[in-house]
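Starting off with a structure, shown below.
Just so you know, all these numbers are worked out from the coordinates, no wet-lab data involved. What you see is a predicted model; the values in this text were computed from it and never measured. Here Cβ is always computed from backbone atoms with ideal geometry, including for glycine, and neighbour counts include all displayed protein chains.
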Amino acid sequence: MPIHDQGYQRYIGRRSAIGQGWKVMTRAGVMSVITKRQFIGLMLFAWAPFVVRAVQIYVSATFEQASFLAPKGETFREFLDQQGAFVFFVTIYVGAGLIANDRRANALQLYLSKPMTSAEYIAGKLAILFLFLVSVTFLPAMMLLLTQAMFAGSLTFIRNNLYLLPAITLFALAQVLLASTTMLALSSMSKSSRFVAVMYAGLFFFTTALFNALRGITGKSSFAWLSPSASLEQLGDVIFRLTPRYQLSPALAGLTVVILIAGSVWILLRRVRGVEIVT
Amino acid sequence: MPDILPATHVQEPPPPAERFSGPVVLADHLTVRYGKNRALNDVSAVFPSGAVGLLGPNGAGKSTLLKSLLGFLVPEKGSMKVLGMDVATSPLEIRERIGYMPESDSHIPGMNAVSFVAYCGQLCGLPTADAMQRAHEVLYYVGLGEARYRNIETYSTGMKQRIKLAQAIVHDPDLLFLDEPTNGMDPKGRDEMLELIHDLAHHKNVNLILSSHLLPDVEFTCDHVVVMDKGTIATYGPIAALKGSTGRVYELRIKGDQARFIDVLKAAGYEVHDSDEDVMRVFVPGATDDSTKVLFALAAREKLQVRHLRPSIPTLEDVFARAVGEV
C-alpha cells in the first residue's frame, strides 16, 4: 500500500465559513505585488518624503536655530498633498490590472462559481489597493505625527493639534477611497490593464486641464467640482481647518467625491458578474 | 524486511463521506431570457444522482441552464434546486458543494498550476495547507503532475482543459458541472479526459452533469441523459432505456435513388436519417419481426434493390436525432 496516494481522494478536513473568500483574494493579491522589484522601488520612493519630513522634524527639535522648520498643522496637509503623486502611481501600478486581467483570462466565472458573492470579490480586490494606498498616505502621516512626539519628547504638539488625528484619517480615507474605487471601476470596464491605466491618467489629467482652462477663461475657480483632484484638495483644506483654495462650496466638493465613489461602486456591481450578457 | 516507516506514519485512506444521493438538480418551469431572446423556455427536469449528460446542439440552452444553476443568471420565472437547496435563496451554500468547469478558457493570471488550484481550494474554504496538498493530488490525478510548476499561460489547450477540471474538483465537490470538457482536445487527450470523467463518476462517486454536443462523450461517461433543443427539454431518462425503447433500428443501403426512398419511408411512417457513406438508419417504431419484410416490400414497390439490411444497436445518436427531430 502506498504511503501517500496521489490520486483523487475524498476531503474530510474542515472548511472555513462562507464569506472568507475576500481575505484569500486580498492575501494572494498583496503577495503577488510585493514580490515585484519595481513595486518595491516605487514604495521606497513613496516613503522618501516621509524621511525628508522626519529629518526636518528632528533638526527643528534638536537645533534651536532651525525652529522655523518645526511642523505645524498644515505641514501634515502638505505632506498628504505631496503623497497624492504616489497615490496616483501606486493606483495605476497595482489597480489597473486588478479586474481587467481577470476579465482577460475569464477568471470572473471561476471566482463567482466559488462560494463568493460579487460584493465579496469587489471587497477582496478593493482591499488590495486600499492597503497599499493606506501605506503611502495614512501610515506615513501618522508615523510623522509619532516622530514629532518622539523627537520633541512630549505630546504637547499632538495635544494642541488634536484635530490632526481625525483630519489625517478622514482625508487619507477620502484620498484612498476615491482613487481605489475609481480605478477598480475603470479596471472592470476593460480587458487591458494598459488601457485602464491610460483611461485613469486621462481622467485625472483631462478633468484637471478642463478645470484650469475654465478657471483661466472665467477667472473663477468655482468649476473645481469638474476635477476630482481639485474637489479633493478643496475638501482637504476644510478638513485641515485651512482657508479653502477654490471658490467652491465644501459641500459641493464633498458631494463630488461621494458621487464619484458611489458611481464607481455602482459600475463595479454591474460589471462584476459570472456571465457576460450581450443582447 | 523491516518497515521503512513506523505504522503510525502510514496514512490510512479516510473513510468515504456520504455523497448526496437524491436528485441533484430540479428545474421547475424555468424560463431565462437574454434580452428578447428566450434561452430557456419553461424547462422542467429532474437530474438524478450519478452521471447525467446534458446533450443538445449548439444554442440549445445547455450552458444557460448550467449558468442559471450556478446563480449567474436570474430566471424570468420558475425555480431551481441544486442538492436540495434553492438556487434563489442559498446560492453560496450550493456553490460551496459544487465544482464548475467552464466551457471557455479560464484561469487566474500570473499563477502556476499548483498555486492556481490551491488558490481555488482556499476560495472554497479549504485551509492553506490542505488546499496545497489537494492541489498536488488533483494535478497528479488529472495528469499535470509534471507540469504543475509551469505558468498556466504557457499550457496547451488540452492542458488548460485539465487544469479547469483540477480546479473544479480540488475541494471535493458533491456535484460537478462540466461544460464541454473535451473542447479543443486532440483525440488522445479527449479519450484521457473522458476516462477521467468516467472514473470520477463511476469510481469516485462524484455526481456530475456533463454538458456536451458530442454524443459519444455523453454515451461513454453518463448513465442518464437530458436532451435539450431550442431552449426546451426534448427528452430525458436513462440512456439504456432511451436507446432500447419503442422500436428497432436498421442499417439500410439501397441501389438507386436514396433520397426518393427516404421520402417513401417517411411517408410510410418510419424515421430515417443518413449516416456515413450511403447507409441510412431506419427507426421502425414498435417493430416486429415482420418489419424487415415491409422494408423489402417498399423497396420492391419502388423498384429499388436492397443491398444491405441489418438490425443495428440503437445509439444515443438515434435518441438524439428523434428527440430533436433530425430525422
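With both partners inside chain B, how many of the DSSP beta bridges are antiparallel, as a percent to the nearest 5?
70
Would you work out the relative contact order for the stretch A:21-271, in percent, from Cα pairs under 8 angstrom that are 6 or more residues apart?
Reported as a whole number, the value is 23 percent.
Counting other beta carbons within 10 Å of each Cβ, put B:218, B:114 in order, fewest first.
In increasing order of surrounding Cβ atoms, one gets B:114, B:218.
Something else about it: May I ask you to derive the FRET efficiency for residue A:135 and residue B:85 from their Cβ-Cβ distance with R0 = 60 Å, giving the value to the nearest 0.05?
After rounding, the FRET efficiency stands at 0.90.
I would also like to ask the following. What is the protein assembly as shown by shape, rounded, prolate or oblate, if you read a ≥ b ≥ c off the alpha carbon gyration tensor as root eigenvalues and call it rounded for a/c under 1.5, prolate for a/b larger than b/c, and oblate otherwise?
Prolate shape, in that a/c is at least 1.5 and a/b is the bigger ratio.
Follow-up question, since we're still on this one. Given the C-alpha atoms of the stretch B:28-120, compute the convex hull and give its volume per residue in Å³.
135
In nanometres, what is the gap between the two model label sites at residue A:245 and residue A:201, each 7 Å from Cα along Cα-to-Cβ?
2.2
Another question, then. Please give every one of the aspartates and glutamates within straight-line cross-link reach of residue A:125, meaning a C-alpha to C-alpha distance under 12 Å, and leave out same-chain neighbours fewer than 8 residues apart.
Here the aspartates and glutamates satisfying the reach criterion relative to residue A:125 are A:102.
Further question: To the nearest 20 Debye, how big is the dipole of the stretch B:25-236 about its Cα centre, given +1 on the beta carbon of each Lys and Arg and -1 on that of each Asp and Glu?
The calculation lands at about 540 debye.
Oh, and also: Suppose the chain between residue B:260 and residue B:223 were pulled fully straight at 0.36 nm per residue; how much longer would it get relative to their current alpha carbon spacing?
9.6 nm
How high is the relative contact order of the stretch B:167-302, in percent, counting Cα pairs under 8 Å that sit 6 or more residues apart?
For the stretch B:167-302, the relative contact order is 16 percent.
Among B:35, B:99, B:22, whose mean-square fluctuation peaks in a Gaussian network model of chain B (Cα, cutoff 10 Å)?
Among B:35, B:99, B:22, the largest GNM mean-square fluctuation belongs to B:35.
What dipole magnitude, in Debye to the nearest 20, does chain A give about its Cα centre under +1 on Lys/Arg Cβ and -1 on Asp/Glu Cβ?
760
Determine the shielding of peptide A:111-124 by partner chains: average, over its residues, the number of Cβ atoms on other chains within 10 angstrom of each Cβ.
5
What whole number of Å gives the distance from the Cα centroid of the stretch B:92-144 to the Cα centroid of the stretch B:160-199?
Distance between centres, Cα-based: 13 Å.
Going by how many other beta carbons lie within 10 Å of each one, how would you line up B:271, B:251, fewest first?
B:251, B:271
Count, for each residue of B:132-138, the Cβ atoms from other chains sitting within 10 Å of its Cβ, then give me the mean as a whole number.
For this peptide, the per-residue mean of nearby foreign Cβ atoms is 3.
Treat chain A as a sphere of radius equal to its Kirkwood radius over Cα pairs and apply Stokes-Einstein at 4 °C in a medium of 1.567 mPa s; give the translational diffusion coefficient in µm²/s, rounded to a whole number.
62
In addition: So which lysines can residue B:266 reach, going by Cα to Cα under 26 Å and dropping same-chain residues fewer than 8 places off?
B:230, B:243, B:255, B:293, B:303
If you keep only loop residues by DSSP, which trypsin sites (Lys or Arg not before Pro) in the stretch B:16-82 have at most 10 other Cβ atoms within 10 Å of their Cβ?
Answer in residue order: B:36.
Next question, about the same structure. If r is the Cβ-Cβ distance from residue B:29 to residue B:104 and R0 is 25 Å, what FRET efficiency results, to the nearest 0.05?
0.30
Test of understanding: ordering B:243, A:220 by Cβ neighbours within 10 Å, fewest first, what list do you get?
Ordered from fewest to most neighbouring Cβ atoms within 10 Å, B:243, A:220 come out as A:220, B:243.
Oh, and also: Work out the FRET efficiency for residue A:150 and residue A:88 from their Cβ-Cβ distance, taking R0 = 35 Å, and round it to the nearest 0.05.
0.70
Shifting gears a bit: Plugging the Kirkwood radius over Cα pairs into Stokes-Einstein for the stretch A:19-167, at a temperature of 20 °C and a viscosity of 1.002 mPa s, what D comes out in µm²/s?
The diffusion coefficient I find is 123 µm²/s.
Take every Cα-Cα distance within the stretch B:25-236, group them into 10 Å bins from 0 onward, and report for each bin the whole-number percent of pairs it holds.
9, 35, 36, 18, 2
Please list, or write none, the lysines whose alpha carbon is within less than 24 Å of the alpha carbon of residue B:160, excluding same-chain residues fewer than 8 places away.
Residue B:160 reaches A:114, A:191, B:62, B:67, B:188, B:204.
Shifting gears a bit: Give the separation of the Cα centroids, the stretch A:4-73 to the stretch A:219-279, in Å.
If you average the Cα positions of each part, the centres end up 26 Å apart.
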